[in-house]
Amino acid sequence: MRRLLLLGLSAFCLCAFVAADEHREGQGATSLPEEDGVLQLNEGDFKRALRKYKQLLVHFYAPLSAESHRVSAAFKGAAAELEGSEVKLAVIDVTEEKELAKDLNAKGPPIIRLYLGGDKQNPVPCPDPVSAASILTWLKRRAGSAADLITDRSLSEFSEELTVVGFFKELDHEYVQVFYSAAMDLPDVSFAVTQNNEVISEYGLTHDVVLLLKKSKLIQAYKMMPQTSKEELIVFITVYQMDPVTEYTGKTANQILGSPVLNHALLFVNESSADFREIHSAFNSAAGAFRLKILFVWVNVYEPRNGRMMEYFRVRDFEAPIIRLVNLTDHVTYHLPSDSLDVETIKTFCQSYLEGKAKPKLQSEPAPEGWDTRPVQELVGMTLEKVAFHPNKTVFVMFYLPYSQESQALFPLLEELAEALKEREDVVVARIDASANDIDLTMQGRYPSLGLFPALYAERMVVYKGKMKDRVKEDEDRKKYIEAAIAEDAKNADKTKEEL
Ligand SMILES: *[C@@H]1O[C@H](CO)[C@@H](O)[C@H](O)[C@H]1NC(C)=O
Ligand SMILES: *[C@@H]1O[C@H](CO)[C@@H](O)[C@H](O)[C@H]1NC(C)=O
Ligand SMILES: *[C@@H]1O[C@H](CO)[C@@H](O)[C@H](O)[C@H]1NC(C)=O
């Protein structure tokens, strides 16, 4: 009964407070425009709102951006929960209020800022919210103190998807403050502080350690050091919060791109292929050793929605399984030069990349010296089209992977072919390293691959089909193939002439 009375009383106070506010407002100008409990501000209104509300949480939004839509939904939900509280929510359309946005330096992230005590200059950035709950937790943690996190739950009682538990000897230590400021920046993760000694006995750990639990299971421990910063702690949490290997999907894309780890290893693989399990498992085993350095992601090439991702990395589905490393700081990509994707190969590649020894994948290698005077011309990305599309020459090109045995087995045969055809001025035999050069031709099948570019219809490639190795091996057959193609070409040329 007593509690009820108290509740009634505080409700009354709140009403009185709001009424007083409105009264003051009524004397001067009209009230501020509002929708679903969220102020809709322009330049003049912003100044008034700043004077009126001690805590003004502003969302700077651009109506057409997907991010703004997500944040708007979270904002509306939070507004409903915060009605009558000290915090007032507001939005400013940055596409309309350009001057104001410029004045407030609100063109980029963070797109939510908390203005305190009417101070226009120093708003507090609010982390990008996933939901209304993110905003509410952030406000609560901001207003509270580290003491709010103290719990006497035992580890087995943390059933949340992810809990970060700080185990500290002294609660007034700086460590706790660092821990608490990390909690503020990660409102979607649950945090707790404990002094329960069960932790020590269970895991044999000492004090001042941060534990990451997934559904009560210990994932990783982090020892706090005097120099540990909030940022380091956040990196640790955001990295270990993800599994060692993450599948790239619409859902995980934000988490992957938002990761503080700026080196990504990408495995492009067909999930339905027979060797998927084995390759995925090797990738997963290699990932463990690089947790804070390289983020491991796999992309299903059999998923049409990943088309753009593959286009970006210039990976074609038949090239899978294939591993690329990308440095997100300078956007240089690296190609794992191997046929077999086992744990050791992947680890060695990642290590050599970190040591700066890996060879970047370029759009084109530089053309090697004397490339066009060799019996088998050595083409690169930038010479391929010029040579292959020559209007007066029939060009036979082998697309190879230098590290592949299958490719290597064909090198002598190609030399022999070049020797056999060396008298023919109108025929060129060439090869190109498909792992080091981007090749802008739609090719069927995997490497090594052989293609003929007939003289007249040079921009059309005739792919050498069938059991390539067996057919190329037969000297006679090989010659016949080329001769036939040239004859066919000549016939077409004559036909075109007649038509003209
Ligand atoms: C993926 O593998 C399945 C099963 O082997 C196959 O049918 C499909 O064509 C493959 N897709 C691609 C894009 O390689
Ligand atoms: C990634 O690129 C940045 C900027 O060029 C460079 O400083 C850094 O060393 C690169 N990282 C690796 C692992 O190569
Ligand atoms: C191709 O041959 C024609 C006729 O002989 C000649 O005019 C033309 O210049 C040649 N094209 C090239 C690129 O050599």
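No lab work stands behind these numbers, since they all come straight from the coordinates. Since we're looking at a predicted model, the values are computed, not measured. Neighbour counts are summed over all protein chains in view; Cβ atoms, including those assigned to glycine, are modelled from backbone coordinates with ideal geometry.
Counting only helices (runs of 4 or more DSSP H) that sit completely within the range 179-280, those holding 3 or more residues that are more than 16 Å from I294 (Cβ to Cβ) correspond to 198-203, 230-241.
Just one of F268, F276, F313 is more than 17 Å from F349 (Cβ to Cβ), away from ligand 2 (no atom under 16 Å from the Cβ) and either in contact with a helix residue (DSSP H, G or I) (Cβ under 8 Å, 6 or more places away or on another chain) or of a type in the set (A, V, I, L, M, F, W, C) (or both); which is it? Step through it out loud before you land on a result.
Details: F268 fails: more than 17 Å from F349 (Cβ to Cβ); F313 fails: more than 17 Å from F349 (Cβ to Cβ).
F276 is the lone residue from the list that is more than 17 Å from F349 (Cβ to Cβ), away from ligand 2 (no atom under 16 Å from the Cβ) and either in contact with a helix residue (DSSP H, G or I) (Cβ under 8 Å, 6 or more places away or on another chain) or of a type in the set (A, V, I, L, M, F, W, C) (or both).
Evaluation of L267 against the conditions (1) within 16 Å of ligand 1 (Cβ to nearest atom); (2) without any contact (Cβ under 8 Å) to a residue 40 or more places away in the chain shows that the sole unmet condition is (2).
Residues in the range 348-358 that are surrounded by 13 or more Cβ atoms within 10 Å (Cβ to Cβ) and either without any contact (Cβ under 8 Å) to a residue 60 or more places away in the chain or part of a loop (DSSP other than H, G, I, E, B) (or both): T348, F349, Q351, S352, A358. Being more than 25 Å from A73 (Cα to Cα) and not aliphatic (A, V, I, L, M) is a property that R141 lacks. Considering only residues that are buried (at least 18 other Cβ atoms within 10 Å of the Cβ) and under 12 Å from P244 (Cβ atoms), which ones fall in the range 283-302? Of everything in the range 283-302, those that are buried (at least 18 other Cβ atoms within 10 Å of the Cβ) and under 12 Å from P244 (Cβ atoms) turn out to be F283, A286, A287, F290, I294, L295, F296, V297, W298.
Residues in the range 96-126 that are assigned to a loop (DSSP other than H, G, I, E, B) and over 18 Å from R48 (Cα atoms): E96, N105, A106, K107, G108, P109, P110, I111, C126. Out of everything in the range 368-396 that is touching a residue at least 60 places away in the same chain (Cβ under 8 Å) and under 39 Å from the mean Cα position of the chain (by Cα), what residue ends up being surrounded by the fewest Cβ atoms within 10 Å (Cβ to Cβ)? Result: F389.
Of the residues in the range 121-128, not one is within 15 Å of V38 (Cα to Cα) and out of contact with any Leu (no Cβ under 7 Å at 6 or more places or on another chain). Among the numbered conditions (1) under 30 Å from R424 (Cα atoms); (2) in contact with a helix residue (DSSP H, G or I) (Cβ under 6 Å, 6 or more places away or on another chain), tell me where L341 comes up short. With (1) under 30 Å from R424 (Cα atoms); (2) in contact with a helix residue (DSSP H, G or I) (Cβ under 6 Å, 6 or more places away or on another chain) applied to L341, the lone miss is (1). One residue stands out among those in the range 102-123 that are within 29 Å of the chain's Cα centre (by Cα) and small (G, A, S): the one that is surrounded by the most Cβ atoms within 10 Å (Cβ to Cβ), which is A106.
Which one is nearest to F290 (Cα to Cα) among residues in the range 354-399 that are within 16 Å of ligand 2 (Cβ to nearest atom) and not charged (D, E, K, R)?
In the first step, residues of the range 354-399 are kept if they are within 16 Å of ligand 2 (Cβ to nearest atom); the result is 354-362.
Right, trim to not charged (D, E, K, R) and you get 354, 356, 358, 360, 362.
Values: L354: 10, G356: 15, A358: 16, P360: 20, L362: 25 Å.
If we take residues in the range 354-399 being within 16 Å of ligand 2 (Cβ to nearest atom) and not charged (D, E, K, R), then L354 is nearest to F290 (Cα to Cα).
Among the residues of this structure, K293 does not count as one that is free of Cβ contacts under 8 Å to residues at least 12 places away in the same chain and not in a helix (DSSP H, G or I). Of all residues in the range 136-178, those satisfying the criterion of being crowded, with 20+ Cβ neighbours inside 10 Å, more than 28 Å from the chain's Cα centre (by Cα) and not in a loop (DSSP other than H, G, I, E, B) are L139, R141, A146, L149, L155, G166, F167, Y175, V176.
Reported count of residues in the range 299-329, each being away from ligand 1 (no atom under 14 Å from the Cβ) and under 22 Å from T238 (Cβ atoms), is 5.
Screening R316, R305, R277 for residues that are more than 16 Å from ligand 3 (Cβ to nearest atom), surrounded by fewer than 18 Cβ atoms within 10 Å (Cβ to Cβ), without any contact (Cβ under 8 Å) to a residue 12 or more places away in the chain and charged (D, E, K, R) leaves exactly one candidate, R277.
Do we find a residue being within 15 Å of ligand 1 (Cβ to nearest atom), of a type outside the set (D, E, K, R) and more than 20 Å from the chain's Cα centre (by Cα) anywhere in the range 333-340? Looking through the range 333-340, none of the residues is within 15 Å of ligand 1 (Cβ to nearest atom), of a type outside the set (D, E, K, R) and more than 20 Å from the chain's Cα centre (by Cα).
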